[in-house]
Amino acid sequence: MNMHAAMSADIKAVCARAAGESEATEAARQLSPQLARALAAAGFFNMFVPTALGGSELPPPDAMARLEYLAHHDAASAWV
């Protein structure tokens, strides 16, 4: 499966944003608040949270594919 084709438009957009901010993220040694909010809005911070608690409860392979896609664009963002 081509991971690039399987990603939604919002995931692709936030990953492109992370790539664009990668030098600033590295220099600051933290995500910008705006990038952190964008990652949250795209669902990166609730992928493993059960749906009963308001998360998306993604299957591990799906969540890892998203993290791998993010890491391809900006490794530092994927560590968060």
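Seen from SER56, the other residues with C-beta closer than 14 Å to its C-beta sum to a net charge of -2, counting Lys and Arg as +1 and Asp and Glu as -1. Between ALA18, ALA63, ALA27, the residue with the greatest mean-square fluctuation in the GNM of the chain (Cα pairs under 10 Å linked by springs) is ALA27. For the pair GLN30 and VAL49 in one chain, pulling the backbone fully straight at 0.36 nm per residue adds 4.5 nm over the alpha carbon distance.
Sequentially through the stretch 7-18, phi angles give Karplus couplings (6.51, -1.76, 1.60; θ = phi - 60°) of 7, 6, 4, 5, 5, 4, 5, 5, 5, 5, 5, 4 Hz, Gly and Pro residues having no value and appearing as x. Of the options [x] -1.02; [y] -1.33; [z] -1.16, only one is log10 I(q)/I(0) by the Debye sum over Cα atoms at q = 0.24 Å⁻¹ as computed from these coordinates, and that is [z].
Since every read-out is calculated from the coordinates, none of them should be taken as a lab result. Computed from a predicted structure; not experimentally measured. Quick reminder, even Gly has a Cβ in these numbers, built from the backbone with ideal geometry, and neighbours come from all protein chains shown.
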